[in-house]
Amino acid sequence: MPLQTKLAAAWTSFMFLYIYVDYLALYKPGFVDDILAGSVHEFETGPTFVAISLTLIAIPILMILLSTTLPARVNRTVNLVVAALYVPVSIYNAAGESWTYSYFYGLSIGLELLLLTFILRHAWTWPRRTASPATLATSLDSEPLRTPQQA
């Protein structure tokens, strides 16, 4: 499977997890009341909050596309930078939360960090050179034919 596809799949998983953690947080008693009163995690909900929230979710969404379309060198760098920046963002989600929801936040942050680690590892170990189509064609021609028992 191409590395770009693996990265796009990891960013897709991260994005869904990120959204569902926010969605499931709505079930905490008093959370919706706080939103209706104009605050989320002690932040006032207004144009700045909404713009920052949109930016925080738009980046992983865009990383799905960018992971499949950017040239290798740029792709590697962008994945390393963005995944590294999202590590503290993911950890910050537990700031100020009660111990009552420690399992929920521990699990969600743990899963987010696992996905970010996957992205960082694969971007870090990105092959420096890729075979050209001509090299691939030559190597395929030089491979010995195998009988069905050998395959």
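Laboratory data are not the source of any read-out in this text; all were calculated from the coordinates shown. Computed from a predicted model, the values in this text were never measured in an experiment.
The distance linking segment 46-60 with segment 77-129 is 18 Å (Cα centroid to Cα centroid, whole angstrom).
Does segment 1-117 come out rounded, prolate or oblate, given a ≥ b ≥ c as the square roots of the eigenvalues of its C-alpha gyration tensor, rounded meaning a/c under 1.5 and, failing that, prolate meaning a/b above b/c? Prolate, since a/c reaches 1.5 and a/b exceeds b/c.
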